Amino acid sequence: MDQPLYNLDQIRRDAVLDAIREVCAHRGWRLLAAHVRTNHVHTVVEAEVPPERIMGDFKAYASRRLTQMKLDEPDRKRWARHGSTRWLPQWRHVSAAIHYVLAEQGDVMAVF
């Protein structure tokens, strides 16, 4: 990586969470859980698109929001090239993922 790791302080975490909520509303996706941490984000989303598309849109909306806030240099890299995505085929998997995102991440930060 050619830049230092990106750290999300409270202002940035709140902005990322707002951006995630915005893209879900715009695309008609149902946000079930989100937890924006200092260096990564967990979400559980109900949508009829591949999870890679959701992750890409979240990164794009969040980057746009953070750039508009002028808290970083315009060419600041914030996200890893990819991330962990998975389909949750049964409600028990969704329920377990929601619990993991909301209750098993340590201190509560920016949460939906």
Residue list for the stretch 19-36, restricted to those being surrounded by fewer than 16 Cβ atoms within 10 Å (Cβ to Cβ) and either at pLDDT below 95 or not in a helix (DSSP H, G or I) (or both)
Gly28, Arg30
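In the stretch 82-104, what count of residues is obtained for those that are under 23 Å from Pro4 (Cβ atoms) and more than 14 Å from the chain's Cα centre (by Cα)? Steps first, answer last, please.
Going through the stretch 82-104, the residues under 23 Å from Pro4 (Cβ atoms) turn out to be 82-84.
From the residues that got through so far, the ones that are more than 14 Å from the chain's Cα centre (by Cα) too are none.
Within the stretch 82-104, residues that are under 23 Å from Pro4 (Cβ atoms) and more than 14 Å from the chain's Cα centre (by Cα) number 0.
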Taking only pairs six or more apart or across chains, which ones have beta-carbon atoms under 9 Å, a first residue in the stretch 89-109 that is under 18 Å from Glu48 (Cα atoms), and a second residue that is polar (S, T, N, Q) and in a helix (DSSP H, G or I)?
none
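When the stretch 68-96 is examined, which residues are found to be outside any loop (DSSP other than H, G, I, E, B) and under 21 Å from Met109 (Cβ atoms)?
Ala96
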Could you please tell me which pairs satisfy a Cβ distance under 7 Å, a separation of 6+ or placement on different chains, a first residue in the stretch 44-67 that is part of a helix (DSSP H, G or I), and a second residue that is among the aliphatic types (A, V, I, L, M) and surrounded by fewer than 16 Cβ atoms within 10 Å (Cβ to Cβ)?
Ile54/Ala47
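The values are calculated or read from the model by the stated rules, or taken from the named source; none is laboratory data. Computed from a predicted model, the values in this text were never measured in an experiment. Here Cβ is always computed from backbone atoms with ideal geometry, including for glycine, and neighbour counts include all displayed protein chains.
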